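Before any comments, here is the structure.
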Amino acid sequence: MNTPLAKTAKLLIAASLAGAAAGARIAPASANTVASATTKPTIVLVHGAFADSSSWSGEVSLLQRDGYNVIAPPNPLRGIEHDGTYIAELLKTIKGPIVLVGHSYGGPVVDTAATGNPQVKALVFVSAYALDKGESVVSLGAKYPESQLVPSVLAKVPFATSRGEDTDLYVDRQAFESVFASGLPQAQSIVMQATQRPLAASALSEKAPEPAWKTIPSWAVLSESDLVIPPAEQQFMYERAKSKITRVDAGHTALISHPEVVVKVIEEAASATR
């Protein structure tokens, strides 16, 4: 039967089905939008010279407790460009937003790794270098000569590279305890000194490329008792980068002695990405 009433019923049923189909299409998109807005970023922690990924142990535990995915990869410590490229390749495997954190020499490494990667939403410098283009650890350090990590306390081990000779640098035991790990228990600093990873000497004079802090928001933990990177040098770099600065009464290894302070800053940066 094809009466006017039947035709009306068919139209109403068709309209209902079309509306349901449209709703089915819209609902997943809305859900994805909400999920994207609330997804926590992955936190990538990059250690500096004379250390390894275990120096982030306190931060890893606290961040995981708070529901963050955390990666603390090995930093090769061969040079800013080399190490930055290595970390950059790792970042390409991560889905979603990233907060990239660097300690000490790890600062210019994360700056290099983040350049051109839109997933990196925030940088965090922890007692770290934040170099500008053309600067090196040595050239900027010459303007702030108060550092007590001087050449005389570094043991040198030559090694060959594809580009010629280079030298691995190690901090001697006395300077490691009193300068690098100042403020930490002696038993802990002794173990850290024995297990330290060396830095290629050429990395200290290598000029940094264009830094990511010029385009990516940054936060910084400034160690007020740092004997490696003088506080005045940190202040200069972080103000230049327009970083949001948090001060901590700690030595160069604030990431070990004050992980809760560092995590608070990291999570503040992470929240800003959402």
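We did not get these values from a lab; they are worked out from the coordinates using the rules stated. Computed from a predicted model, the values in this text were never measured in an experiment. Neighbour counts are summed over all protein chains in view; Cβ atoms, including those assigned to glycine, are modelled from backbone coordinates with ideal geometry.
Pairs of Cα atoms nearer than 8 Å and 6+ residues apart set the relative contact order; for region 95-156 it is 32 percent.
Per-residue ellipticity at 222 nm, computed for the chain from helices alone with -39500 (n - 2.57) per DSSP H run of at least four residues, works out to -12500 deg cm²/dmol.
For region 39-273, relative contact order (Cα pairs under 8 Å, six or more residues apart, normalised by length) works out to 25 percent. With neighbours defined as other Cβ atoms within 10 Å of a residue's Cβ, the residues 112, 39, 161, 246 order from fewest to most as 161, 39, 246, 112. Computed over the chain, the P(r) curve from all C-alpha pair distances, binned at 10 Å from the origin, holds 7, 28, 31, 15, 5, 4, 4, 3, 2, 1, 0 percent per bin. At R0 = 25 Å, how high is the FRET efficiency between residue 144 and residue 92 if r is their beta carbon distance? Nearest 0.05 is fine. Efficiency computed from Cβ-Cβ geometry: 0.10. Percent of Cα pairs in region 48-134 per distance bin of 5 Å, from zero to the largest separation: 3, 14, 26, 28, 20, 8, 1, 0.
Residue exposure proxy: 258, 47, 252, 82, ordered by other Cβ atoms within 10 angstrom of their Cβ from fewest to most, comes out as 82, 258, 47, 252.
The calculated FRET efficiency for residue 207 paired with residue 161, based on their beta-carbon distance and R0 = 22 Å, is about 0.75. Distance between the C-alpha centres of region 201-250 and region 37-107: 17 Å, rounded to the whole angstrom.
Of the beta bridges in the chain, as assigned by DSSP with both residues counted there, near 30 percent are antiparallel. Exposure proxy shown here: for 271, 243, the number of other Cβ atoms within 10 Å sets the order, fewest to most, as 271, 243.
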